Every structure is written in structure tokens, then in C-alpha cells.
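Worksheet for the structure shown next.
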Amino acid sequence: MEQARQQMGRRAVTEDLKGRYLDLVEASLMNEIYGESPLDSWAQAAATRLRHPWQTRSWSKVWPARAHTMIGRPRMRHLRGLVEAALEQRIPGDFIETGVWRGGACILMRAVLAAHGVADRHVYVCDSFEGLPKPNAALYPADKADKLFSFGELAVSEAQVRKNFEAYGLLDDQVVFLKGFFKDTLPALQGHAFALIRLDGDMYESTMDALTNLYDGVSPGGYVVIDDYGVLGSCRRAVHDFLDARGLKPTIEPIDGAGVWWRKD
């Protein structure tokens, strides 16, 4: 009886340490420990307004100066929960994000694998690492007015993202980088098994490319996360055009005002 109590106590301590570690990773990725520099944030916002005077939205709150992610605590915590659920439920496959910016969401997914001692799954880090493509209005009219390609703030090099992984001690052979525009790189992943796909390509084309090439590989019971569904109409339209073409009607659940998710039946 005493031995059983001790084992239960050790398991409780282990679970507590896992949670504390992941809490710390989350806070670090969002730069909540030291906080964003007001001067850096002001300089970045001013530079953005100068480069893009047509843009009226305050991007300084969306694109933090130093944090490794811009997705915010609700989406970070939700992503962590889905990755842990996939492991707990033994849903087969790897994890992938398409459109990684500074790599924060991918770093979190790798951290979850580390916390749970999972050594046989990978995190795929997919990005052009050069920013978004120019709209192909002929093929994708929904992207006609898209100007995100002009934002240098969204172009983070592969070397920098690798450096960010290294800062957390999480750059290893379980992290797979796939560089290039999705139309060129993602076809190589068709049929690859994924427990979770996280799509953050913003544009209609990028979202459609990801769904077309990755969705069939999502394991039954696996998870699909769409980052900008709630704020970018072109992204939302791509999701529904894809689902309608397949005759699929998943229950799309909100995460916050921007992200949504569903589980593949």
C-alpha cells in the first residue's frame, strides 16, 4: 500500500513538472517573462506605418517585436492541449505547421513531445522563410487584393527559426524543415500521416494548398487547426471551398476570435 502511494506521488510530481515546463515554454515564446520592449514595439509600428501607409490596422499588436509567436495565449494553450490529446489518444502521425513565422507554435509542439518523452514523432516546420507569395489572381481571385507579400515583417529566415529552436534546446532530428512555397513543397507530403495539422498561410492559395496536400494524411480522430479563419475572409473561403468540394461537414469550433479547429471523423 505504501509503495503504491509513493508511486502515485511520484507520478503526480512528474505530471506537475511537465505542466510547469510547458507553462514556462509558453510564457517564454510569448515573451511574457520579460515583456515586450515599448521602444522596440513603437519603432516597429512606426516603421510598418512608413512602409505601408495604406494599412490602417495597428499591426504592432499583432506582430510583437521580440516574442517568438503572435498567436496569443488562447491559441497557444489550445494547441498544447490538442497535441497532448493526440498523444494521450494515440492518434497516429506527426505534427505540422504551414506558415511558421518565428517558429513559436512549432517550438511548443516539439516541447510537448519532449515533456512526454515522445521520441518517435516529428514536427514539420513548413514555410518559404521569405514571406508570402504574390497573389495569383487568375487562379485564386479571392487573393486579388492581398498585400501581405509586401510585409517584410513576415519574412523570417530559416536560420533564425533554427536559432529560436536552439534557444529552447529543442533543435534536433525530430524537427523537419521544409522550405519553399506550399505549392512546391507540400505535394511531397501527400499521404504522410499526421495527428495534427496547423495551417497559418493567411491567403486562399496557401490555405487551399495545405488542405489539398495534407488533409488526406490526417489520421482518423486527428486535429485540424486553421489560424486566421475568423479574421481573413480569403482563408475562410478556402476552407469552405475545400470542404464543400469534398462533401465534408465537420463541426468547426472556435478557439478565439481568429482561430478555429475541428476533429477529423
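Candidates in segment 60-90 are the residues that are touching a residue at least 60 places away in the same chain (Cβ under 8 Å) and not hydrophobic (A, V, I, L, M, F, W, C); of these, the one that is farthest from R263 (Cα to Cα) is H68. Just one of the listed residues (R20, R90, R80) is under 13 Å from the mean Cα position of the chain (by Cα) and modelled with pLDDT of 95 or more, and it is R80. Summed over segment 104-122, the residues that are touching a residue at least 24 places away in the same chain (Cβ under 8 Å) and either over 18 Å from Y21 (Cα atoms) or aromatic (F, W, Y) (or both) give a count of 2. If the condition is being open to solvent by 40 Å² or more (accessible area, probe 1.4 Å) and either more than 19 Å from W63 (Cα to Cα) or of a type in the set (S, T, Y) (or both), then segment 136-161 contributes N136, A137, A138, L139, Y140, P141, K144, A145, S150, S157, A159. Only residues that are within 21 Å of A27 (Cα to Cα), open to solvent by less than 10 Å² (accessible area, probe 1.4 Å) and assigned to a helix (DSSP H, G or I) were counted across segment 83-97, and they come to 1.
Checked against (1) surrounded by 14 or more Cβ atoms within 10 Å (Cβ to Cβ); (2) touching a Lys or Arg at 6+ places or on another chain (Cβ under 8 Å); (3) in contact (Cβ under 8 Å) with a residue 24 or more places away in the chain, P220 passes all but a single condition, namely (1).
A residue that is open to solvent by less than 40 Å² (accessible area, probe 1.4 Å) and free of Cβ contacts under 8 Å to residues at least 12 places away in the same chain occurs nowhere in segment 249-260.
Looking at this structure, is T207 of a type outside the set (A, V, I, L, M, F, W, C) and touching a Cys at 6+ places or on another chain (Cβ under 8 Å)? So T207 fits the description; yes. For segment 162-173, a residue qualifies if it is open to solvent by 70 Å² or more (accessible area, probe 1.4 Å) and either under 16 Å from the mean Cα position of the chain (by Cα) or of a type in the set (A, V, I, L, M) (or both), and the qualifying residues are R162, A167. Looking at the structure I just gave you, is D202 in contact (Cβ under 8 Å) with a residue 40 or more places away in the chain, surrounded by fewer than 15 Cβ atoms within 10 Å (Cβ to Cβ) and part of a loop (DSSP other than H, G, I, E, B)? So D202 does not fit the description; no. Scanning segment 186-199 for residues that are open to solvent by less than 10 Å² (accessible area, probe 1.4 Å) and over 15 Å from the mean Cα position of the chain (by Cα) gives a single hit, L186.
Of all residues assigned to segment 61-68, at least one qualifies as being out of contact with any Cys (no Cβ under 6 Å at 6 or more places or on another chain), assigned to a helix (DSSP H, G or I) and at pLDDT below 65. When the criteria are applied in full, V224 meets the requirement of being among the β-branched types (V, I, T) and within 20 Å of P74 (Cα to Cα).
Being in contact with a Cys (Cβ under 6 Å, 6 or more places away or on another chain) and part of a loop (DSSP other than H, G, I, E, B) is a property that D228 has.
Among the residues here, T185 does not qualify as modelled with pLDDT of 95 or more, farther than 25 Å from V156 by Cα and out of contact with any Gly (no Cβ under 8 Å at 6 or more places or on another chain). None of V118, V176, V100 is in a loop (DSSP other than H, G, I, E, B), open to solvent by 20 Å² or more (accessible area, probe 1.4 Å) and out of contact with any Pro (no Cβ under 7 Å at 6 or more places or on another chain) except V118.
The values are calculated or read from the model by the stated rules, or taken from the named source; none is laboratory data. Treat the numbers as computed from the prediction; the structure is a model and nothing was measured. With ideal geometry, Cβ positions are generated from the backbone for all residues, glycine too; neighbour counts draw on all protein chains shown. SASA here: full protein model, heavy atoms, side chains in, ligands and nucleic acids out. Shrake-Rupley method; radii C 1.70, N 1.55, O 1.52, S 1.80 Å.
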